[in-house]
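Asker: Submitted below is the structure of interest, expressed as structure tokens.
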Amino acid sequence: MRFLTLLLVGLCSLMLNAETIPITHFSQMPTIAQPSVSPDGSKIAAIFNTTDQTQVVISDYGSTELKTIVALGGEKYRIDNIAWANNQRVLVTVSQPYVAFGIRVRTTHIYSADLKGESVFELRRNRGGKQTANQFYFESPTLLSVLENDPAHILVTLRDERDDNYSSVFKVNVNTGDFSKYLPNANKIVGWSPDKNGDILLGIGVTGQRNDLTKIVYVRKDTNSDWKKVKTFTPYESETFDPVLYDAESNSIIVLSDHKLHKQALWKFDIATAEFSELLGEAPGTLDVSSAIVESKGNSRKVVGYRYIDNFVKRIFFDKEKLNISSQIESLFAKQGLKATLYDFDESETKYIVSAVSDNSPMKFYLYDKSKQNISYWFSQYPYLEGKKLAYVSAITFKARDGMELKGYLTLPNNVENAPLVLFPHGGPYARDYQYFDPFVQMMANQGYAVLQVNFRGSTGFGNKYETAGYHQWGKAMQTDLLDAVNWVKENGYADTSNACIAGASYGGYAALVAGFQTPDQFKCIISIAGVSDLNEQMSLWRKKGFLSYIENAVKGEDESIKAISPIFHVDKFKVPVLLIHGKKDQLVSYRQSESMYDALKNADKEVEYQEFEYGTHHLNDANNRIKSMELMAEFLAEHLKD
């Protein structure tokens with residue numbers, strides 16, 4: 001079979017040269033994000049970021065000429081997602097900060113835009129009359145499905161007071177903006193699963209009782225049938241059960257579950273017998289399947305494979321032709337040291353977008369035209385880093401003090417012996433780090449620091465035992481795992497652990513602050529971005545949001561003094577300088593966590609700096625916020641980590 005005459009353009013950018021790179025090359029937002037091929041394969045839509053604006057752009061497939069159809073300036077609004085409604089219109093989801101019921105949230109706004117950018121309008125139900133703040137929150141729609149056989153309409157979910165403010169389904173005309181009730185919610189459904197026709201045959205509901213976290217799975221054979229309760233489960237108390245779709249032909253549910261294997265795998269659940277009937281796919285060893293690969297084609301919607309992560313994402317396809325194409329693409333780019341995958345494709349599966357990335361090379365996109373059997377370079381997410389000699393990221397394995405084997409990554413700077421160390425714990429904490437290119441890691445390595453990332457116990461993706469070992473271990477074993485990783489680096493002589501700082505965001509910011517009072521002599525400086533300082537206050541926010549099970553099962557132990565693991569109550573023990581960074585529109589961790597920590601440290605006569613961003617989000621995913629925060633980090637590290 002003749003295949004792929006590629007890569008005369010683009011891969012030549014991998015010719016490397018070593019140099020100190022301006023921080024602004026790392027701190028920009030990805031130039032291109034979420035590229036998507038139109039259903040007919042003629043166009044590509046994408047999010048395009050500049051320093052001052054986020055735009056939605058359109059190009060002809062095969063062209064690098066971009067036309068802006070929507071543009072947002074400033075820090076308050078954010079383009080979150082784009083999707084093709086049909087071949088003539090693109091859906092743009094924008095969010096903005098809002099306060100409802102005393103809780104900071106982001107409300108969503110869906111816009112319908114034509115390909116010339118001349119007809120752009122918001123899809124919002126017109127209720128008439130004066131809207132209160134909370135009503136405005138209720139009128140915040142979420143895209144549920146585009147309808148392939150009805151290109152003039154889409155389905156959205158919207159809280160409806162007629163359904164006790166649970167999520168109901170509305171059909172919306174993308175040309176006129178008209179809303180019509182499509183499916184009422186009589187079962188307290190909180191999640192719907194439509195097929196390509198828009199027929200909704202699966203829903204996940206709740207009991208509606210306070211503090212009852214039971215989930216109820218409903219299915220129906222067709223749209224004329226009544227809903228049937230087929231499964232109930234309770235998070236943390238039973239096997240996981242994450243439905244992907246309902247297969248009417250076999251009267252079964254395709255589901256992600258830790259059933260039997262004690263790790264997430266892809267199963268078929270038979271409704272007639274109410275039992276798991278077939279294992280469809282699992283990852284090697286104790287690794288979890290992270291998600292199913294779902295394909296919509298014609299009137300059908302089916303699972304065609306699954307993904308898991310072993311340092312990099314692996315995709316397994318059931319379909320032999322897709323598996324063959326995917327394997328050839330992977331092999332071709334592997335020769336260039338890149339991990340490649342089929343990122344998106346049109347309905348006919350002839351026009352593809354391929355993404356390629358490695359540990360020390362940013363993600364770039366290529367166009368694969370199956371009919372012509374060639375690939376061409378399109379865009380890089382970080383064009384100013386192409387052709388630069390970035391640092392390699394090595395996967396590591398070590399043992400914690402109790403013998404548990406842990407995973408992580410160590411990035412050593414180029415041409416630096418015995419480099420100062422930055423311990424860089426991830427957020428979550430029930431998340432994980434990967435071996436992929438990371439702009440923060442590469443920025444610090446380029447500045448001459450070794451960067452240590454640790455998938456401490458509680459990190460996800462490595463099976464049940466690995467994750468649950470972190471429950472109730474905030475400020476305890478999850479913290480000592482970080483210190484054991486530093487000790488492993490020291491024992492192996494990889495970096496100068498006596499000249500080290502700890503920096504992190506979200507839970508990583510909390511871990512950095514915990515180090516300030518638990519091990520005050522271990523590090524020379526501390527950086528906390530959007531970090532928790534008062535766990536009692538954070539749990540109060542979680543309770544307002546309904547995360548009670550999370551608190552009781554994963555965070556707080558029985559009869560535990562939360563003050564003992566909350567940094568704000570131990571500022572007297574801090575000995576080293578602290579940098580705090582936080583966005584005021586953070587809906588996950590209130591900026592007051594950093595504000596209060598700053599006041600407490602200042603009152604205790606400790607050395608502390610605080611940078612606050614007026615419209616900053618939890619992830620500081622605005623160009624200006626990102627640039628400023630990364631510059632502050634670099635300056636702070638340079639000041640306190642001496643050569």
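Just so you know, all these numbers are worked out from the coordinates, no wet-lab data involved. Given the structure is predicted, the values throughout are model-derived calculations rather than measurements. Every residue, glycine as well, gets a Cβ built from its backbone with ideal geometry; the counts of neighbours run over all protein chains shown.
Asker: So, by mean Cβ neighbours within 10 angstrom, what's the order for 601-607, 496-502 with the highest one leading? Present the calculation step by step, with values, prior to reporting the outcome.
Answerer: Details: 601-607: 14.4, 496-502: 21.1.
Result, highest mean first: 496-502, 601-607.
Asker: Considering only C-alpha atoms, what is the centroid distance from the stretch 238-283 to the stretch 471-504, in Å?
Answerer: 38
Asker: Next up: Could you tell me the distance between the Cα centroids of the stretch 543-587 and the stretch 46-119, to the nearest Å?
Answerer: The distance from the Cα centre of the stretch 543-587 to that of the stretch 46-119 comes to 35 Å.
Asker: Given charges of +1 on the Cβ of Lys and Arg and -1 on the Cβ of Asp and Glu, with all other atoms neutral, how large is the dipole of the stretch 250-360 about its Cα centre, in debye to the nearest 20?
Answerer: Details: 14 positive and 16 negative charges, 30 e Å.
Approximately 140 debye in magnitude.
Asker: Would you list which aspartates and glutamates come within 16 Å of residue 606, measuring only between C-alpha atoms, while excluding same-chain residues fewer than 8 positions from it?
Answerer: 521, 572, 595
Asker: Please label the shape of the stretch 393-640 as rounded, prolate or oblate, based on the square roots a ≥ b ≥ c of the eigenvalues of the alpha-carbon gyration tensor (a/c under 1.5 means rounded; beyond that, a/b larger than b/c means prolate, else oblate).
Answerer: On the way: a/c = 1.43, a/b = 1.11, b/c = 1.29.
Rounded, because the longest to shortest axis ratio a/c is under 1.5.
Asker: Answer with one residue from 411, 318, 365: the one whose Cα lies farthest towards the positive end of the charge dipole of the stretch 317-440, charges on Cβ with Lys, Arg +1 and Asp, Glu -1.
Answerer: It is 411, whose Cα lies furthest towards the positive end.
Asker: Suppose the chain between residue 209 and residue 313 were pulled fully straight at 0.36 nm per residue; how much longer would it get relative to their current alpha carbon spacing?
Answerer: On the way: separation 104, 0.36 × 104 = 37.44 nm, distance 3.88 nm.
Working it through step by step, the gained length comes to 33.6 nm.
Asker: Here's a follow-up. Starting with the highest mean, order 78-85, 352-359 by the number of other Cβ atoms within 10 Å, averaged over the residues of each peptide.
Answerer: Working: 78-85: 19.4, 352-359: 22.5.
Listed from highest to lowest mean packing, they are 352-359, 78-85.
Asker: On to the next question. Under the definition of Cα pairs under 8 Å and six or more residues apart, what whole-number percent is the relative contact order of the stretch 393-640?
Answerer: Values: 494 pairs, mean separation 39.6, N = 248.
Relative contact order of the stretch 393-640: 16 percent.
Asker: Could the peptides 477-484, 254-261, 226-233 be put in order, highest first, of the mean number of other beta-carbon atoms found within 10 Å of their residues?
Answerer: Numbers: 477-484: 21.8, 254-261: 19.6, 226-233: 14.1.
With the highest mean Cβ count within 10 Å placed first, the list reads 477-484, 254-261, 226-233.
Asker: Could you tell me what % of all Cα pairs in the chain have separations over 43 Å?
Answerer: Values: 47569 of 206403 pairs.
Tail of the P(r) past 43 Å holds 23 percent of the pairs.
Asker: Just list whichever of 229/544; 351/407; 399/545; 476/544; 229/263; 399/573 have alpha carbons separated by over 32 Å in the model shown.
Answerer: Values: 229/544 29 Å; 351/407 38 Å; 399/545 36 Å; 476/544 26 Å; 229/263 26 Å; 399/573 29 Å.
In this structure, 351/407; 399/545 exceed 32 Å between Cα atoms.
Asker: Additional query: Assuming R0 = 22 Å, what is the FRET efficiency of residue 286 and residue 430, from their Cβ-Cβ distance, to the nearest 0.05? Don't jump to the answer; show the numbers that get you there.
Answerer: Numbers: r = 16 Å, r/R0 = 0.73.
Once the sixth-power term is evaluated, E becomes 0.85.
Asker: Could you tell me which of 204, 153, 257 has its Cα farthest along the dipole of the stretch 136-288 towards the positive end, charges placed at Cβ (Lys, Arg +1; Asp, Glu -1), taken about the Cα centre?
Answerer: Going by the Cα projections, it comes out as 204.
Asker: In nm, what is the difference between 0.36 nm times the number of residues separating residue 639 and residue 553 and their Cα-Cα distance? Please report the intermediate quantities before stating the final value.
Answerer: On the way: separation 86, 0.36 × 86 = 30.96 nm, distance 4.08 nm.
Stretched fully, the residue 639-residue 553 segment lengthens by 26.9 nm.
Asker: Report the charge-dipole magnitude of the stretch 473-535 in Debye, nearest 20, computed about the Cα centre from +1 at each Lys and Arg Cβ and -1 at each Asp and Glu Cβ. Could you put the intermediate results ahead of the total?
Answerer: Numbers: 3 positive and 6 negative charges, 16 e Å.
Its charge dipole is roughly 80 debye.
Asker: Something else: Which of the three applies to the stretch 18-105, rounded, prolate or oblate, going by the alpha-carbon gyration tensor with a ≥ b ≥ c and a/c under 1.5 meaning rounded?
Answerer: Oblate, since a/c reaches 1.5 and b/c is not below a/b.
Asker: Got a sec? How would 379, 523, 569 order by Cβ neighbour count within 10 Å, fewest to most? If you can, show how the numbers build up before the last one.
Answerer: Details: 379 21, 523 25, 569 18.
Least to most surrounded, the residues fall as 569, 379, 523.
Asker: Follow-up. Once you order the gyration tensor axes a ≥ b ≥ c over the Cα atoms, which shape class does the stretch 187-318 get: rounded for a/c under 1.5, otherwise prolate or oblate by comparing a/b with b/c? Numbers along the way, then the final one.
Answerer: Values: a/c = 1.86, a/b = 1.21, b/c = 1.54.
It is oblate, given that a/c is not under 1.5 and a/b is not larger than b/c.
Asker: If you don't mind, there's one more thing I want to ask. So what is the relative contact order for the stretch 187-318, in percent, with contacts set as C-alpha pairs under 8 Å and at least six apart?
Answerer: Numbers: 282 pairs, mean separation 19.0, N = 132.
Relative CO of the stretch 187-318 lands at 14 percent.
Asker: Run lengths n ≥ 4 of DSSP H only: what is the helix-derived mean residue ellipticity at 222 nm for the chain, with -39500 (n - 2.57) per run over all residues, to the nearest 500? Each step should come with its number before you reach the end.
Answerer: Numbers: 10 runs with 107 residues, N = 643.
Helices in the chain give a 222 nm mean residue ellipticity of -5000 deg cm²/dmol.
Asker: List the relative contact order of the chain as a percent without decimals, with contacts defined as Cα pairs under 8 Å and 6+ residues apart. Present the calculation step by step, with values, prior to reporting the outcome.
Answerer: On the way: 1478 pairs, mean separation 67.3, N = 643.
Relative CO of the chain lands at 10 percent.
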